[in-house]
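This report concerns only the one structure given below.
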Amino acid sequence: MEVEIERDAFSKGLQMVQNIVEPRQTLPILANVLLETEGDSVRVSATDLAVGARVEVPAKVAARGAITLSARKLGEIVKELPSGVLSLKVQENAWVLLRCGGVSYKLVGLAAEDFPAVVPTSPPGWVSLDGKVLKEMLAQTAFAISHDESRYALNGVLFIIQAGRVRLVATDGHRLAVSSRSLAEGAPGSGIVPRKAVQEIVRVLGVGEEVQLALVENQFILRMPNFLLLARLIEGQFPNYEQVVPKGHPCRLVLSRTALAAALRRVSVLSEERTKPVKLVLAAGALKLAAHNPELGEAEETLSVDYTGEEMTIGFNSRYLLDALGALDAEQVVVELKDAMSPGIFRSWEGEEYFCVIMPMRI
Amino acid sequence: MEATPPSRSIIHVDMDAFYASVEQRDRPELRGRPVIVGADPRGRGVVAAASYEARAFGVCSAMPIRKAAALCPHAAFLPVDRDKYARASAAIMAILAGYSPLVEPISVDEAFLDVTASVRLFGPPLAIARAIKGRLRAEVGLTASAGVAPNKFLAKLASDLEKPDGLVEVNPGDEVDFLRDLPVDRLWGVGPATARELRAMGVETIGQLARLPGGLLVKRFGKTGTFLLELARGRDDRPVEPLAPPKSMGAEETFPRDLRDPDRLQRALLAQCERIGRELRVEGYAGRTVTLKIRFADFRTITRSLTGEPTQDGLEIFRRARGLFGGLRLVAAVRLIGVSVSRLGATEAAQLSFFSDFEARRARLARAVDALSRRFGERAVIAASLLARPSRRQ
């Protein structure tokens with residue numbers, strides 16, 4: 001293999017895939033990226049066997065072929081190279097000569113044959129989505145992904161494509177986030193996409209690109225021009241999330257998202273650090289937030305709200321509330337509550353595109 | 001410049017004739033009568049506890065039970081019911097925990113509390129001690145004696161001064177006065193031998209000891225001398241240390257013959273997980289990390305663990321252990337299998353979960369099984385897969 005590539009484009013391509021490479025892996029070759037010629041480009045692939053990605057970078061191909069190189073070292077080298085054209089040439093015994101201007105490296109490669117292929121199953125159809133929308137939907141749900149290793153099915157985001165809608169759901173058992181949008185078209189499918197793939201997608205998605213998704217067999221596929229990401233879907237049963245979404249909560253209040261978030265941040269300064277509990281006392285016309293800490297003192301703030309129902313008190317982890325408020329972009333939010341032991345719902349005033357259900361804390 | 005250490009407020013709570021009082025509480029006909037809890041009065045055991053009515057006859061704890069029977073033949077002699085006392089103890093400690101996070105139980109019926117930081121929430125230390133005594137009487141039905149002082153040593157001395165149902169406070173600055181006329185064997189660490197030696201030196205009271213030159217005591221008693229002098233001057237900076245939870249709880253089994261059958265290995269795991277769950281519940285802990293350990297016939301040992309929500313449910317522990325087991329390739333016969341649960345913490349979770357109902361039902365089930373096991377033995381309720389299989393007839 002012998003190619004010439006623009007350093008800037010190569011660097012950008014490497015950055016899109018090299019995060020997939022795990023710092024510690026079972027197979028030495030998984031520490032590497034695969035470089036292979038493909039038409040008038042070099043395709044760069046990385047995989048940890050569960051999640052894989054590949055990107056095509058335009059190149060001048062003098063000789064076709066393939067090789068693998070340490071992802072970390074190649075990344076470090078290319079990052080430090082000056083802008084311009086760099087050349088890669090594979091020599092005997094998998095030695096790789098990398099040159100750029102007056103700089104040259106002779107690198108130890110590993111044969112490409114042993115690299116696990118990053119090859120998508122061919123799906124029956126694709127779902128098209130604006131990259132910005134997908135990124136927003138993932139940001140609205142990813143924070144609720146569980147870190148509980150014993151509940152594998154919760155360690156990702158559930159994608160459901162059905163009846164002209166795409167819906168993303170995540171829960172850690174304490175809160176549930178559901179984001180949905182309508183679709184022009186799309187083949188139905190569903191599956192749990194692992195956290196790592198979600199993080200990578202959010203990282204590589206820019207603005208304005210159109211992305212295509214497919215859920216097929218046990219694979220999630222995302223593709224953009226010149227880029228492809230594959231993830232093995234998490235096996236297991238995602239809980240019946242619709243069951244935990246309360247209906248007909250009697251206490252309903254509408255308030256300013258930014259005012260509520262600011263008050264929560266102010267009051268929770270005095271909350272216990274680990275679970276950051278805040279007490280909400282709802283009374284006619286007023287919502288009082290309160291926190292206390294035996295070693296530091298107490299904090300309280302009252303917001304005026306349009307509420308006429310009975311007085312009630314409920315406790316929440318203020319971080320959970322702030323996560324939910326941060327995921328909403330409308331200025332007016334709707335909060336629905338029932339009693340101290342029932343979950344609260346947080347949604348935007350307009351539209352049904354997003355809501356978050358949060359379980360209370362005993363206080 | 002050396003900073004003066006901030007003054008602390010320590011309470012020592014000591015239940016009065018604990019075992020005997022619990023019995024009198026539960027059996028009204030025993031109230032006002034001498035009650036002796038301990039071994040069989042005709043046997044060779046000792047007295048575990050004596051009610052104040054029995055103490056009037058000279059009976060005291062650790063006395064041979066036959067001697068107690070001779071001193072107070074008409075007393076009610078009762079066997080030790082540890083489960084009952086443990087339940088009362090848990091109720092007592094739960095009340096104490098409401099007044100400070102710094103509670104150090106020293107036995108089932110005795111604990112230190114550091115209430116220095118609780119004053120702003122509950123008022124002055126003496127009021128806290130009074131409130132605790134009131135709640136112990138109202139909610140557990142038992143009386144306690146309490147001592148309030150700037151350190152542990154004085155608090156313990158103070159709680160002992162007006163037993164039963166006593167309440168004594170030693171204010172900061174009054175330490176030396178308080179100790180002056182007390183006999184020297186009241187000092188922590190002064191047993192009969194040391195007391196004899198001190199008396200030979202002309203020291204009868206703590207006040208006299210406090211006036212001795214330090215060098216003399218050190219020459220005579222070494223390091224203990226310095227310590228005694230500090231105590232005699234009312235100084236004791238030992239902190240109140242809440243019991244640290246154990247690091248982990250586990251079980252393992254080495255098989256008489258190496259095993260390959262995954263079913264049998266999993267049954268061994270299930271039994272271990274149930275046992276650990278029971279132990280966690282008894283001790284009041286829940287753990288986050290489950291670790292599976294396997295030693296192969298060639299002594300190669302591997303462990304696999306995973307971390308999740310805290311649990312004390314044997315079946316949940318088994319579910320996680322089985323998940324780890326399922327991810328293994330059994331390359332050789334297994335010599336030993338074991339499970340442990342670590343990252344232990346207190347059980348009550350303030351954060352509710354969508355699965356709380358399910359978890360609560362499982363917790364009720366576990367409690368019911370625990371109650372049956374206490375009553376009918378550990379094998380009263382077991383998983384069907386753990387029943388001994390009848391050998392197949394030919």
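The values are calculated or read from the model by the stated rules, or taken from the named source; none is laboratory data. All figures in this text were calculated on a predicted structure; none of them were measured in a lab. Cβ placement follows ideal geometry from the backbone for every residue including glycine, while neighbour counts extend to all protein chains displayed.
Just checking: which of the strands (runs of 3 or more DSSP E) contained wholly in segment A:224-306 hold 3 or more residues that are closer than 20 Å to A:LEU325 by Cβ? Filter on segment A:224-306 gives A:251-256, A:277-283, A:286-293, A:297-304.
Restricting attention to segment A:168-222, the residues that are of a type outside the set (A, V, I, L, M) and closer than 16 Å to A:ASP130 by Cα total 12. Any residue at all in segment B:139-147 that's surrounded by 20 or more Cβ atoms within 10 Å (Cβ to Cβ), on the phi < 0 side of the Ramachandran plot and either outside the structural domain of B:ALA88 (by TED's automatic domain parsing) or acidic (Asp, Glu) (or both)? Checking segment B:139-147: not a single residue is surrounded by 20 or more Cβ atoms within 10 Å (Cβ to Cβ), on the phi < 0 side of the Ramachandran plot and either outside the structural domain of B:ALA88 (by TED's automatic domain parsing) or acidic (Asp, Glu) (or both). Considering only residues that are of a type outside the set (D, E, K, R), under 16 Å from B:ARG31 (Cα atoms) and not in a loop (DSSP other than H, G, I, E, B), which ones fall in segment B:52-69? Result: B:TYR52, B:ALA54.
Yes or no, residue by residue, for (1) surrounded by fewer than 17 Cβ atoms within 10 Å (Cβ to Cβ); (2) of a type outside the set (S, T, N, Q); (3) modelled with pLDDT under 85:
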site: B:LEU198; (1), (2), (3): no, yes, no
site: B:LYS219; (1), (2), (3): yes, yes, yes
site: B:GLY225; (1), (2), (3): no, yes, yes
site: B:LEU229; (1), (2), (3): no, yes, no
site: B:ALA232; (1), (2), (3): no, yes, no
site: B:ASP237; (1), (2), (3): yes, yes, no
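Scanning segment A:298-323 for residues that are at pLDDT below 95 and either aromatic (Phe, Trp, Tyr) or not assigned by TED's automatic domain parsing to the domain that holds A:ALA283 (or both) yields a single hit, A:TYR307. The residue list A:ILE363, A:ILE358 contains one member that is at pLDDT below 95 and at the interface with chain B (Cβ under 10 Å from one of its Cβ atoms), which is A:ILE363. Checked against the criterion of being in contact with a helix residue (DSSP H, G or I) (Cβ under 8 Å, 6 or more places away or on another chain), without any contact (Cβ under 8 Å) to a residue 24 or more places away in the chain and not in a strand (DSSP E or B), segment B:232-244 contains not a single residue that satisfies it. Report whether or not A:ARG151 is free of Cβ contacts under 8 Å to residues at least 24 places away in the same chain, within 14 Å of chain B (Cβ to nearest Cβ) and either within 19 Å of B:SER353 (Cβ to Cβ) or of a type in the set (Lys, Arg) (or both). Criteria met by A:ARG151. Cβ-Cβ contacts under 8 Å between residues 6 or more apart (or on different chains), taken from a first residue in segment B:25-50 that is on the phi < 0 side of the Ramachandran plot to a second residue that is aromatic (Phe, Trp, Tyr) and in a helix (DSSP H, G or I), are listed as B:VAL37/B:TYR19; B:ALA48/B:TYR19; B:ALA49/B:PHE18; B:ALA49/B:TYR19. Here A:LEU270, A:LEU264 are screened, and the one residue that is of a type outside the set (Lys, Arg), free of Cβ contacts under 8 Å to residues at least 40 places away in the same chain and either within 14 Å of chain B (Cβ to nearest Cβ) or on the phi < 0 side of the Ramachandran plot (or both) is A:LEU270. Out of segment B:71-108, which residues are aromatic (Phe, Trp, Tyr) and farther than 19 Å from B:GLU139 by Cβ? Within segment B:71-108, B:PHE77 is the sole residue that qualifies. Every condition in (1) within 13 Å of chain B (Cβ to nearest Cβ); (2) in a helix (DSSP H, G or I); (3) among the aliphatic types (A, V, I, L, M) is met by A:ILE314 except one, and the failing one is (2). Would you point out the residue of segment B:254-278, among those that are of a type in the set (D, E, K, R) and buried (at least 17 other Cβ atoms within 10 Å of the Cβ), that is nearest to the chain's Cα centre (by Cα)? Looking at residues that are of a type in the set (D, E, K, R) and buried (at least 17 other Cβ atoms within 10 Å of the Cβ), I get B:ARG278.
Annotation: of all residues in segment A:38-47 being crowded, with 19+ Cβ neighbours inside 10 Å and not small (Gly, Ala, Ser), the one that is farthest from A:LEU222 (Cα to Cα) is A:VAL42.
When A:VAL211 is tested against (1) within 14 Å of another protein chain (Cβ to nearest Cβ); (2) assigned to a strand (DSSP E or B), only condition (1) is not met.
Could you list, in sequence order, the residues of segment A:1-52 that are among the charged types (D, E, K, R) and without any contact (Cβ under 8 Å) to a residue 60 or more places away in the chain? Residues satisfying the conditions are A:LYS12, A:GLU22, A:ARG24, A:GLU38, A:ASP40, A:ARG43.
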